[in-house]
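Visitor: Take this structure first; my questions come after.
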Amino acid sequence: MLRNTLAAALLFVPAVVMAQADTPPKPAPAPVPARYVDAIDWPASEAGLERFQKLEEHLSGAFANVCGDTFCEGDYGNLRPMQLRCSVDSTKGTMKQCLWTFAGSYTQVNGKSGAVQVNAKLFKCKLALAKDTPAESFYETLMAAKDPLEVKLPMTRKTIYEGLLGCL
């Protein structure tokens, strides 16, 4: 009896494997698109790159105009905007979050050793976006403004300048 069972198993297992080999493999499921994308990738991959770069340049220029009289006094006199990055809800075309990073430093020379000592700091400033701010309104409002730091962000009573005061 045991011999018959082993013989049947040895014949059955290869038959099952052969049957599976004839079945074509199932295709991999299509990747689910990310809900949130970088603003440069909205509405499609790299479609917003040029537009976003122009906005970032516009904001950086406005920052340079006010830096010396406001943010760039004190320890971090060489404060510089590093990068603006925003996320967009690709299902609704609305802004989720924007973060603008700045870097600053100050140095001093150690009188005894001659070593230059550096104190550097990175600032991460969130823009005060309203929930579900349409991406188009965001771009239009900031790009149309002569001073984009002083214009109220869409659907808010806050400016980027006010947000930077609390961050820098």
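The values are calculated or read from the model by the stated rules, or taken from the named source; none is laboratory data. Keep in mind that what you see is a predicted model, and the values were worked out from it rather than measured. Neighbour counts run over all protein chains shown; Cβ positions are idealised from the backbone, glycine included. Accessible surface is based on the protein model in full, side chains and every heavy atom, while ligands, DNA and RNA are left aside. Shrake-Rupley method; radii C 1.70, N 1.55, O 1.52, S 1.80 Å.
Visitor: What's the FRET efficiency of LEU165 with SER45 using the Cβ-Cβ distance as r and R₀ = 45 Å, to the nearest 0.05?
Guide: Numbers: r = 36 Å, r/R0 = 0.79.
Computed FRET efficiency for LEU165 and SER45: 0.80.
Visitor: Using 0.36 nm times the number of residues separating ARG85 and ASP69, minus their current alpha carbon distance, what extension gain do you get?
Guide: Numbers: separation 16, 0.36 × 16 = 5.76 nm, distance 2.54 nm.
Residue separation times 0.36 nm, minus the Cα-Cα distance, leaves 3.2 nm.
Visitor: Using only the alpha-carbon atoms, how far is helix 2-22 inclined from the longest principal axis of the chain? Give it as 0 to 90 degrees, nearest 10.
Guide: 50 degrees
Visitor: So if we plug the beta-carbon distance of LYS124 and ALA28 into 1/(1 + (r/R0)^6) with R0 = 25 Å, what FRET efficiency do we get, rounded to 0.05? Display every interim value, and only then the final one.
Guide: Working: r = 38 Å, r/R0 = 1.51.
E(calc), rounded to 0.05, equals 0.10.
Visitor: Then there is this: Distance from the Cα centre of the range 41-78 to that of the range 116-147, in angstrom?
Guide: For the range 41-78 versus the range 116-147, the Cα centre distance is 7 Å.
Visitor: Quick one: P(r) of the range 69-145 from all Cα-Cα pairs, 5 Å bins, percents rounded to integers, in order of increasing distance.
Guide: 3, 13, 16, 16, 13, 11, 9, 6, 4, 3, 3, 1, 0
Visitor: Which three numbers, in whole Å and largest first, are the semi-axes of the equivalent ellipsoid of the range 54-103 derived from its Cα gyration tensor as √(5λ)? All intermediate terms of the calculation are to be shown ahead of the outcome.
Guide: On the way: eigenvalues 151, 24, 12 Å².
Taking √(5λ) for each Cα gyration eigenvalue gives 27, 11, 8 Å.
Visitor: Taking the inverse of the average 1/r across all pairs of different Cα atoms in the range 110-168, what Kirkwood radius in Å do you get?
Guide: It works out to 13.8 Å.
Visitor: Keeping every protein chain present and rolling a 1.4 Å probe, give me the accessible area per residue for the range 103-159 in Å². All intermediate terms of the calculation are to be shown ahead of the outcome.
Guide: Values: 3720 Å² over 57 residues.
Each residue of the range 103-159 exposes 65 Å² on average to a 1.4 Å probe.
Visitor: Ignoring ligands, DNA and RNA, please state the percent of accessible area on the chain from carbon and sulfur, probe 1.4 Å.
Guide: Values: 6430 of 11300 Å².
Carbon and sulfur: 57 percent of the exposed surface of the chain.
Visitor: Taking Cα pairs under 8 Å and at least six residues apart, what relative contact order does the range 91-168 come out at, in percent? Kindly include the intermediate steps, with their values, before the conclusion.
Guide: Working: 115 pairs, mean separation 22.5, N = 78.
Relative contact order of the range 91-168: 29 percent.
Visitor: Give, in nm to one decimal, the length gained when the segment between SER113 and MET143 is fully stretched (0.36 nm per residue of separation minus the Cα-Cα distance).
Guide: Numbers: separation 30, 0.36 × 30 = 10.80 nm, distance 5.01 nm.
Value of the extension gain: 5.8 nm.
Visitor: Provide the descending list of Cα extents for the chain along its principal axes, expressed in whole angstroms.
Guide: Principal extents (Cα only, largest first): 96, 54, 25 Å.
Visitor: Here's another thing I want to ask about it. Full extension from TYR36 to SER105: what is 0.36 nm times the residue separation minus their Cα-Cα distance, to one decimal in nm? Could the numbers behind the result be given before it?
Guide: Working: separation 69, 0.36 × 69 = 24.84 nm, distance 3.34 nm.
That works out to 21.5 nm of additional length.
Visitor: Find the lysine pairs in the range 93-168 meeting two conditions, Cα atoms under 23 Å apart and a separation of 8 or more places or different chains, and report how many there are.
Guide: Close lysine pairs under the 23 Å cut-off: 13.
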